[in-house]
1. Would you mind telling me which numbered condition in (1) in a helix (DSSP H, G or I); (2) modelled with pLDDT under 95; (3) farther than 30 Å from E65 by Cα Y91 fails?
2. Filter the stretch 110-130 for residues that are in a loop (DSSP other than H, G, I, E, B), surrounded by 10 or more Cβ atoms within 10 Å (Cβ to Cβ) and not hydrophobic (A, V, I, L, M, F, W, C) and give the result.
Amino acid sequence: GPAGAVPARAPAAMASPMHSLAGIDVATVLAAPALPERGLRAASGAEPQAPLQARPGFVLPPAAEPASIGDDGMEESDELNFGSDSIGNTYQPSVKRRKRRYGYLHRLRSTLGRKIVNRRRSKGRRDIAA
């Protein structure tokens, strides 16, 4: 064709995936060798590891028992998360404990504590210690 001419596009019916597979013989595809393994193991030439059960010295943990259904129709494992037994607030503040652990006098007792105070002082912190 002339220079600069745009080549004609294939009709939409020919571009479908089904059309591209129409000339392939299924027996040829099935007889073809499998693709090589990809990844680090294939590159290193290492043999694939045996499954966990087949490794010597490895014992699988016992399977968890299925949750039983109680008289109220609920699983017993669900009852652990209800009522007053549920996990509550883990932080129970105490001023005395906070001052003893993070207070100014406690910081000054050690070299690292003095470094913390000096760092906070040079940074311009309003509160140097608890």
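1. Among (1) in a helix (DSSP H, G or I); (2) modelled with pLDDT under 95; (3) farther than 30 Å from E65 by Cα, the lone unmet condition for Y91 is (1).
2. First, pick out the residues of the stretch 110-130 that are in a loop (DSSP other than H, G, I, E, B): 110, 124-130.
Add one more test, that the residue is surrounded by 10 or more Cβ atoms within 10 Å (Cβ to Cβ), and what stays is 110, 125, 128-130.
Within the stretch 110-130, S110, R125 meet the criteria.
The values are calculated or read from the model by the stated rules, or taken from the named source; none is laboratory data. All values reported here derive from a predicted model rather than from experimental measurement. Quick reminder, even Gly has a Cβ in these numbers, built from the backbone with ideal geometry, and neighbours come from all protein chains shown.
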